[in-house]
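Comments concern the structure below.
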Amino acid sequence: RAMQQDLIKSQVEISILENRLVLLEQRKASLNLIRESFGKEVDSAYDDYYEWQYLKNPLGNGNVLLAYDGERAVGQIASVPCAYKVRGEYVIASMTMNLSVSSPYRGKGIMGELLSRIHKANQSLFYVAIPNSESLKVHLRKGYYSVSLAFMIRPVMLSNYFYDRQVAKGFLKPFDFI
């Protein structure tokens, strides 16, 4: 484990990016890491969504941390401010998201280091995360724990979102109100 930490310190540099000043190359590196980790079809892999998510948040700008091996971005984590009602009062917290590490760099402690650094950068009252199966253990080691929440969803009639509703109802009707 100590050898892994030395590897991180000697080969990988973590950079904190305040999105107001992010260089185009850094934004591209961030988007490429998202595409590599989560696929090209996810919303967060595109510049417009990046802009909306990190720069146009009504509660303030988000933060993106990138881990570099030389000139190559090999890992990232981001956070955005969000408001939660706690005991009748709204509090601002940070939601961590888009935690990703390039395949050849996984298992070297970069993910845990990124989580530690985002906590120091934000200093929020509390953090919220929706980790995937690959990052769940790291989140738990960094002090996150599962909570039971009431989760509500409003059903949507998918067939209403198509120009030709009659055709859409034919194949989407079974999915309406799910």
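The packing ranking, built from the mean of other Cβ atoms within 10 Å per residue, places the peptides 78-85, 112-119, 37-44 in the order 112-119, 78-85, 37-44, highest first. Summed over the residues of segment 27-103 and divided among them, the accessible surface reaches 50 Å² per residue at a probe radius of 1.4 Å.
The values are calculated or read from the model by the stated rules, or taken from the named source; none is laboratory data. Keep in mind that this is a model prediction, so the values were computed, not measured. So basically every Cβ, Gly included, is an ideal-geometry build from the backbone, and we count neighbours across all protein chains shown. Side chains are part of the model used for accessible areas, which takes the heavy atoms of the whole protein and leaves out ligands, DNA and RNA. Shrake-Rupley method; radii C 1.70, N 1.55, O 1.52, S 1.80 Å.
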